[in-house]
1. Looking at (1) modelled with pLDDT under 90; (2) in contact with a Ser or Thr (Cβ under 6 Å, 6 or more places away or on another chain); (3) closer than 30 Å to Y107 by Cβ, find the lone condition where W27 falls short.
2. What are the residues in the stretch 100-127 that are closer than 18 Å to G162 by Cβ and not hydroxyl-bearing (S, T, Y), if any?
3. Can you find, within the stretch 100-114, the residue that is nearest to W25 (Cα to Cα) among those that are over 10 Å from the mean Cα position of the chain (by Cα) and surrounded by 18 or more Cβ atoms within 10 Å (Cβ to Cβ)?
4. Considering each residue of the stretch 18-41, count those that are among the aliphatic types (A, V, I, L, M) and touching a Leu at 6+ places or on another chain (Cβ under 8 Å), and give that number.
5. Just one of (1) more than 13 Å from the chain's Cα centre (by Cα); (2) surrounded by 14 or more Cβ atoms within 10 Å (Cβ to Cβ) trips up S165, so point out which.
6. Could you tell me which residue of the stretch 115-133 is least open to solvent (accessible area, probe 1.4 Å), considering only residues that are part of a helix (DSSP H, G or I) and either of a type in the set (F, W, Y) or without any contact (Cβ under 8 Å) to a residue 12 or more places away in the chain (or both)?
7. What residue, of P24, P29, P60, is open to solvent by 60 Å² or more (accessible area, probe 1.4 Å), touching a helix residue (DSSP H, G or I) at 6+ places or on another chain (Cβ under 8 Å) and not aliphatic (A, V, I, L, M)?
8. For the structure I just gave you, tell me whether A144 is out of contact with any Phe, Trp or Tyr (no Cβ under 7 Å at 6 or more places or on another chain), in a helix (DSSP H, G or I) and open to solvent by less than 40 Å² (accessible area, probe 1.4 Å).
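The values are calculated or read from the model by the stated rules, or taken from the named source; none is laboratory data. Model, not experiment: these values are computed from the prediction. Here the Cβ positions follow ideal geometry from the backbone for every residue, glycine too, while neighbour counts run over all protein chains shown. Just so you know, the surface numbers come from the protein's heavy atoms only, side chains and all, with ligands and any DNA or RNA stripped out. Shrake-Rupley method; radii C 1.70, N 1.55, O 1.52, S 1.80 Å.
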Amino acid sequence: LPVVQTPAPTAPATTTAPGEEPPPWHWIPLGTVVSVVTFALLAQGAAALSVRLLARVYPPHSTAAQLAAIRASRGASAVATELAAGMVPLAALLAAVALGGYVVGRYGDRTNDRHGTLSGLCTGLLFWAVTGRLGTMLAVLPFAGLAGWLGARGGLAVKARGAASARG
């Protein structure tokens, strides 16, 4: 059988020149991915801590009537425990978003705090899409944006300090 001659494969087309940096908006989805992965790692510990907080007030396998009786007898203490248990996953989410913003600010070329904010907002929107709880996530979005902004500001400060010490 004859061997068919095929041309050598060509290199794939790139959108940037060899020495050119990618645009800074590419760091927004990267920061979102960092936030999601970090939250996935923190979520298990946050859930365990929330369960431990609730177990201090409510016995396991309680019926609705038993829960109502405990709430009536303990009053504000039971409500405060429920709020604290609900804030633990929120704190884990905001810490993860701040870390994503930090990565954007620290390692992104030509990025600024706006890119960290947008990364945080994208993470909040993604979690809203996954959970489907519109009211809760709309309340979280401003805090997610703020956490991303703060993380990016921290990353930018560390990057600036490193650049200043490298110069002199």
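1. (1)
2. Answer for the stretch 100-127, where residues must be closer than 18 Å to G162 by Cβ and not hydroxyl-bearing (S, T, Y): G101, V103, V104, G105, R106, G108, D109, R110, N112, D113, G116.
3. Among those that are over 10 Å from the mean Cα position of the chain (by Cα) and surrounded by 18 or more Cβ atoms within 10 Å (Cβ to Cβ), it is T111.
4. Adding up the residues that qualify gives 3.
5. Against the list (1) more than 13 Å from the chain's Cα centre (by Cα); (2) surrounded by 14 or more Cβ atoms within 10 Å (Cβ to Cβ), S165 comes up short only on (2).
6. Selected residue: F127.
7. The unique qualifying residue is P29.
8. Yes.
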